[in-house]
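Report on the structure given below.
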Amino acid sequence: MQKKWFLKRKNQQYVDYIAKATNIHPVLVKVLLNRDINTPQKISAFYNDGLEVLCAPYEIDGMEMAVVRTLKAIQQKENVLVCGDYDADGVTATSIMVTTLLSIGACVSYFIPNRFEDGYGFHMSALKIAKKLNVTLIITVDCGITAFETIENAKKLNIDVIVTDHHEPRFDENNNVILPKAFAIINPKIDCKQTKPYSSLTGAGLALKMSMGLFEGSFDHLVEMAAIGTIADVAPLTDENRTIVKKGMEALTKSKNLGIRTLLQQASLKANKLTPSALSFSIIPRINAAGRLHSAEAAVKLFLTDSDTEASLLATQLDKLNTERQKLEETVLKQAIAKIEHNSFENVILVWDDKWHEGVLGIVASRLVEKYNRPAFVFTVKNNTLKGSARSVNPLDLCHSISTCDKWLIKYGGHKQAAGLQLQLENIPHFEEEMNAYINQNFSKEDFTPSIMIDADVSLKDLSFQLVKEMEKLSPFGTGNPEPLLASKNLQINKAKIVGKNHLKCQLASNGCSIEAIAWDCGNLLSEINIDNKVDAVFSPSINDWNGNKHVQLCIRDIRHNQKKKKKKKKKRKKKEKKKRKKKEKKKKKEKERKKD
């Protein structure tokens, strides 16, 4: 699919002013400005990103009540139950909370719902465990904000509930928030009108903040788990999330957590190669696989164990589950694509099958979004009830759009970009019709055309070793803080060849400067490249370190024939067409005059 290129142009005078005031390269200044880091003060704060810059935990509404009640429970030897979720964010949030409570002397147990037996969220199954263990305080992590009935039932059992959750709360028709009657609620999304540095924290991030409220000391052993949860939930890596991930990645390189070290080893991931992207493709799928196919309890056990034997067994178990998940995912994806190609779609993709495994629906929905650039709903069917996952594409707020059609749903919940939902099979046509209508009313087809946002237009000569090293300090990269994308025009392609499985490697050259470039999984471009034609390229620069030899390498994100040449050809074609048109008009005029005579 052809992508649109957008260059984020900045006032050059202001760029020069900031560059001079901060002693930062103008290209890097443009990148910072594009992230709304637009004053010398903001730039200084951006680079000063230690845990000490995090807001005090008590700045978050509900935190003080939650901490006081928890400390009282510990003092009075009450039994506490931590209730989490079965994805990587829920697993890490549960592990953080349990680790913290154990370290300060709490009598604590934990409960993770089974996707297939209990479903998502804080339900009656958790209360049954709580009653059995004589629990008087439940702390939810990464769930609970819409658990109205369960919290009411907990009160009847004389159990206090503290909700820590980052999911969207319910709102009434007047846009007033509706909350369950819990003892305390910690959720930055309650006040959607205010944006704070902690507004986009995940379940694991909020668990970390509550831990900071409960005790003072080193948090390295907790921040690494919070980083994994934040990356897994694809949260924006800005403000406090960026600090948590940056410090968490540093802690991971020297992790003292036996389970994490074993998991990294199982995934053949070296400490010096850790990036958010590397974790997203290695250990995070293994953590998620437990909850997708079996029980996420194995993943929590791995984070909490201090036994080498148990850690090895659990890591191997997660690895096997992940391999099984990959096979299931590929099968469901192929079948889903076949259904889509056969039936087509308007604005929204809706596919279902009674043989599809519930645990891989979310990943398949993500893959469909990548392929078609449209919101995707993927369901499994049981007793005429559809249960599934949805994923969105910018600029659509998925949870909000679903709420406009909620009369057709049994239940739903989630975020702007991901959601889970249930509905009766007979209501699918109504739901699909209303979702399509909502998108037609609020968006144009242009809104869903894939685009690339370019930070700066550069010459290859700008890409010095020093500049690229400075750019790396903007990491960790991810949602909200993407890897800087630069563009260069009128480039010559030299020495093009396919390396590895299907990667295009070449040299990009301009004005006597030549830099190595690689386009991952783009070997098909080799047949389209004509060495006589110039190209424009969008890329992210990096330092390639091979056998101790370091050099700048460009990772190509998109490439196209040089637009100047295209414009010239277009102009020439239009001129030719105009000439032909005039010739035809002249011929017609002569024909008319001849007939008159």
Rounded to the nearest 500, what is the 222 nm mean residue ellipticity of the chain from helices alone, with -39500 (n - 2.57) per DSSP H run of 4+ residues and division by all residues? -13500 deg cm²/dmol
Can you compute 3J(HN,Hα) from phi for each residue in segment 33-42, using the Karplus curve 6.51 cos²θ - 1.76 cosθ + 1.60 with θ = phi - 60°, rounded to whole Hz and x for Gly and Pro? 4, 5, 9, 6, 9, 10, 9, x, 5, 5
Taking only pairs that are 8 or more places apart or on different chains, how many Lys pairs in segment 179-279 have Cα atoms under 27 angstrom apart? 26
Please work out the Cα center distance from segment 282-316 to segment 144-188, rounded to the nearest Å. 30 Å
Could you tell me the distance between the Cα centroids of segment 252-269 and segment 64-124, to the nearest Å? 24 Å
Provide, for segment 40-134, the number of lysine pairs with alpha carbons under 26 Å apart, each pair being eight or more places apart or on different chains. 6
Taking the Cα centre as origin and putting +1 on Lys and Arg beta-carbons and -1 on Asp and Glu beta-carbons, what dipole magnitude results for segment 298-382, to the nearest 20 debye? 320 debye
At Ser514 and Ser527, where each label point lies 7 Å from the Cα along Cα→Cβ, what is the point-to-point distance in nanometres? 2.7 nm
Scalar couplings 3J(HN,Hα) for segment 132-146 by Karplus 6.51 cos²θ - 1.76 cosθ + 1.60 (θ = phi - 60°), nearest whole Hz, x for Gly and Pro, are 5, 8, 6, 7, 10, 9, 10, 10, 8, 10, 6, 6, x, 5, 10
Given unit charges at Cβ for Lys, Arg (+) and Asp, Glu (-), the dipole magnitude of the chain about its Cα centre in debye, nearest 20, is 6060 debye
Within the accessible area of segment 355-451 (1.4 Å probe), percent carbon and sulfur: 45 percent
The answer for segment 187-299, accessible area per residue at 1.4 Å probe in Å², is 38 Å²
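Just in segment 401-496: which chymotrypsin sites (Phe, Trp or Tyr not before Pro) are loop by DSSP and have at most 15 other Cβ atoms within 10 Å?
Answer by residue number: Phe443.
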The alpha-carbon center of segment 368-425 and that of segment 430-475 are separated, in whole Å, by 23 Å
If one takes the longest principal axis of the Cα atoms in the chain, at what angle in degrees, from 0 to 90 and to the nearest 10, does the Cα axis of helix 88-103 lie? 40 degrees
What label, among (i) 33; (ii) 19; (iii) 48, belongs to percent of Cα pairs over 48 Å apart computed from the structure on display? (ii)
Within the accessible area of segment 254-327 (1.4 Å probe), percent carbon and sulfur: 48 percent
Share antiparallel - DSSP beta bridges, the chain, percent rounded to 5: 60 percent
With a 1.4 Å probe and all protein chains kept in place, how much accessible area does Asp306 have, in Å² rounded to the nearest 10? 140 Å²
Do any trypsin sites (Lys or Arg not before Pro) in segment 92-190 lie in a loop, going by DSSP, with at most 16 other beta-carbon atoms within 10 Å of their beta carbon, and if so which? Lys181, Lys189
Most to least accessible of Lys301, Lys246, Lys371, Lys8 (protein chains only, probe 1.4 Å): Lys371, Lys301, Lys8, Lys246
At a Förster radius of 45 Å, what calculated FRET efficiency corresponds to the Cβ-Cβ distance of Ala45 and Gln326, to the nearest 0.05? 0.60
Under 5 Å, built H, 5+ apart or other chain: amide partners of Glu483: Gly478
With axes computed from alpha carbons, what is the tilt in degrees of helix 283-293 against the longest principal axis of the chain, rounded to the nearest 10 within 0 to 90? 60 degrees
Within 10 Å, count the other beta carbons around each residue, average over each peptide in 44-54, 548-558, and list them highest first. 548-558, 44-54
What angle, in degrees between 0 and 90 and rounded to the nearest 10, separates the Cα long axis of helix 12-22 from the longest principal axis of the Cα atoms of the chain? 50 degrees
Relative contact order (percent) for the chain, with alpha-carbon contacts under 8 angstrom and 6 or more residues of separation? 11 percent
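Give me the percent of accessible area attributable to carbon and sulfur for segment 1-148, probe 1.4 angstrom.
Details: 3650 of 7010 Å².
With neighbouring chains kept in place, the figure for segment 1-148 is 52 percent.
The values are calculated or read from the model by the stated rules, or taken from the named source; none is laboratory data. Owing to the predicted nature of the structure, the values given are computational and were not obtained by experimental measurement. Every residue, glycine among them, receives a Cβ derived from its backbone with ideal geometry; neighbour counts consider all protein chains shown. Surface accessibility is based on the protein's heavy atoms, side chains included, excluding ligands, DNA and RNA. Shrake-Rupley method; radii C 1.70, N 1.55, O 1.52, S 1.80 Å.
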